[in-house]
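A quick write-up on the structure given underneath.
Read the figures in this text as sums done on the coordinates, not as results from a lab. None of these values were measured; they are calculated from a predicted model. Counting neighbours? That spans all protein chains shown, and the Cβs are built from the backbone with ideal geometry, glycine included.
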Amino acid sequence: MQIPNFETSIFTTTSQLALQHNAINLGQGFPEFPMPLGLIEEVNKAMIEGHNQYAPASGASSLRIAIAEKIQFLHQQTLNPDHQILITPGGSYALFISLMSLINKGDEVIILEPAFDIYKPLIQLPEGIPIPIELNFPNFDVPWDEVKAKITSKTKAIIINTPHNPSGKLLKESDFEQLIEIVNHHNIKIISDEVYEHICFDGFKHRSILDYPALMSHSIVCFSFGKSFSCTGWKIGYCISSESIIKDLKKLHHNIVFCVDHPKQIALAHYLKEPNNYLQLSATLQVKRDLLRTLLKDSNYTLYPAHGTYFECYGFEKISNLSDTEFSQKLITNHKIATIPLSYFYSKKTDHKIVRICFAKNDDTLVESAQRLKSYV
């Protein structure tokens, strides 16, 4: 297999440029504040108790059971923890094996743009063909008529992402009704990226594929503990699907990494038993989001409201005529603040003069960041 000539991630280049110019980095999506101390203590306890050798390939049994209990609590969906859950080294890896298990050369996968930047290369790796469809601007709604029109005999899957990175959009009941209609008429799979499941704001509820039994047999749902517990460096996630699909994923997984960090799995199994440990994240991050909104309220930036993730999009059309890429670079070099141009998330580099900002930062960082953003006049 020939490795495609992937472009260097903008997160890599932006982070390097931010370091070079001693800029605050609001580009890459990771929390600046510490992860829960209680979870750290659970890891230490697991290591002392001797959980330091290989974990079962599919994941520690206690963790799979804890996930099944969590899904029953949140979505009233009964899962078989032995046959419908696979623990993975991160959410991105979960997406990787999902696509590798489904895609053959020439197969098409629909992606909704702006889209997380790894979707395209992961489709291209097994020589699949990404079919990008742009979300309606400025509300980032899914153009379902266009999605249906783009489905062909070669369409193997659709990737959805809710809460959505980079827009912060949440899929609605009507969106899932459209998906049900699609799978009822076409033999295609849904890969649902739900890594920000526990980061929803303003009273909005995260709707999951897991809320819809009619979609479960057609879907692979991917999650991330790193996002749920502010420990992105842990790289632990999981997949949920039907027994037959998980069986195929296991064949790949067992021959790629075999298993995932054992003591952290044991720790997570204990930590998941208290729902408040994951339900409190939304309130914590809404305070951060609202602080940044307040700080930029009287600026010339245009807010594109987000109801999930730890990103928000801000337009700069009243400030500059530069492209979003040029504007982002000037923010770094001249104002010491790093953001991500939204055009990077589009195949056609569609430029709406918007930058994506990560607000999962300490309050003093957000205050200083807002001052630097407003200094661009």
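Find how much the distance from TYR54 to ASN104 grows on full extension, using 0.36 nm per residue of separation minus their present alpha carbon separation; answer in nm with one decimal. All intermediate terms of the calculation are to be shown ahead of the outcome.
On the way: separation 50, 0.36 × 50 = 18.00 nm, distance 3.17 nm.
Stretched out fully, the TYR54 to ASN104 stretch lengthens by 14.8 nm.
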Which label marks the calculated value of mean projected area of the Cα convex hull in nm², given the options (1) 25.6; (2) 18.2; (3) 20.1?
(2)
Ignoring trypsin sites (Lys or Arg not before Pro) that are buried or in helix or strand per DSSP, and keeping those with at most 15 other beta carbon atoms within 10 Å, what is the longest stretch of the chain between them?
1-104
From the phi of every residue in the range 26-38, what ³J(HN,Hα) in whole Hz does the Karplus formula 6.51 cos²θ - 1.76 cosθ + 1.60 yield, where θ is phi - 60° and glycine or proline is x?
9, x, 6, x, 8, x, 8, 7, x, 6, x, 4, x
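Placing unit charges on C-beta atoms (Lys and Arg positive, Asp and Glu negative, everything else neutral), compute the dipole magnitude of the chain about its Cα centre in debye, rounded to 20. Let's see the in-between values first.
Numbers: 35 positive and 39 negative charges, 87 e Å.
Approximately 420 debye in magnitude.
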Volume of the Cα convex hull of the range 1-123, divided per residue and given in Å³
216
The relative contact order of the range 257-377, taking Cα pairs under 8 Å that sit 6 or more residues apart, comes to a percentage of 26
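Taking a temperature of 10 °C and a viscosity of 1.306 mPa s, what whole-number D in µm²/s does Stokes-Einstein yield for the range 183-317 with Rh from Kirkwood over alpha carbon pairs?
Working: Rh = 17.5 Å.
Here the translational diffusion coefficient equals 91 µm²/s.
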The chain: most fluctuating residue of PRO305, PRO163, PRO138 per GNM, C-alpha cutoff 10 Å
PRO138
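Grab the beta carbon distance between GLU69 and GLU177, set R0 = 35 Å, and tell me the FRET efficiency rounded to 0.05.
Numbers: r = 28 Å, r/R0 = 0.81.
For R0 = 35 Å, the calculated efficiency reads 0.80.
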The extension gain from SER375 to HIS186, computed as 0.36 nm times the residue separation minus the Cα-Cα distance, is 62.9 nm
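If you take the Cα Rg of the range 69-161 and divide it by 2.2 N^0.38 Å, with N the number of residues, what do you get? Working shown, then result.
On the way: Rg = 15.3 Å, N = 93, 2.2 N^0.38 = 12.3 Å.
Taking the Cα Rg and dividing by 2.2 N^0.38 Å, one obtains 1.25.
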Under 13 Å between alpha carbons, and skipping anything fewer than 8 positions from LYS353 in its own chain: which aspartates and glutamates qualify?
GLU317, ASP324, GLU326
Between ASN139 and ILE40, what is the label-point separation in nm under the 7 Å Cα-to-beta-carbon projection?
4.5
Determine the distance separating the Cα centre of the range 120-161 from the Cα centre of the range 240-319; give it in Å without decimals.
22
List the residues of the range 281-319 whose backbone N lies under 14 Å from a point placed 7 Å from the Cα of GLU326 along the Cα-to-Cβ direction.
317, 319
Set LYS297/LYS361; LYS70/LYS105; LYS227/LYS297; LYS120/LYS336; LYS235/LYS349, cut-off 25 Å on Cα-Cα distance; pairs above it are LYS70/LYS105; LYS227/LYS297; LYS120/LYS336; LYS235/LYS349
Using alpha carbon coordinates only, what is the Rg to Rh ratio of the range 182-260, with Rh defined as the Kirkwood radius?
1.02
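Given N residues in the range 148-208, what is Rg(Cα) / (2.2 N^0.38 Å)? Write out the running numbers ahead of the final one.
Working: Rg = 12.8 Å, N = 61, 2.2 N^0.38 = 10.5 Å.
This ratio for the range 148-208 stands at 1.22.
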Helix-only mean residue ellipticity at 222 nm, the chain, DSSP H runs n ≥ 4 weighted -39,500 (n - 2.57), per residue, nearest 500. What is it?
-12000 deg cm²/dmol
Under 5 Å between amide hydrogens, which residues at least 5 positions from SER219 or on another chain qualify, with H placed 1.01 Å from N in the peptide plane?
ILE190, SER242
Ascending count of other beta-carbon atoms within 10 Å, so fewest first, for SER375, SER328:
SER375, SER328
Give the residue list of chymotrypsin sites (Phe, Trp or Tyr not before Pro) in the range 181-250 that are DSSP loop and have at most 16 other beta-carbon atoms within 10 angstrom.
PHE204
Which residue, ILE180, ILE246, ILE67, tops the fluctuation ranking in a GNM of the chain built on C-alpha contacts under 10 Å?
ILE180
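Within 10 Å, at most 15 other Cβ atoms, and a DSSP state outside H, G, I, E, B define an exposed site. Report the longest part of the chain free of exposed GluC sites (Glu not before Pro). Display every interim value, and only then the final one.
Numbers: sites that count: GLU7, GLU49, GLU127, GLU317.
Between exposed loop sites, the widest span is 128-316.
Using Cα pairs under 8 angstrom and six or more residues apart, how large is the relative contact order of the range 1-156, in percent? Provide the component values of the computation, followed by the final result.
On the way: 121 pairs, mean separation 26.8, N = 156.
Once divided by the residue count of the range 1-156, the mean separation gives 17 percent.
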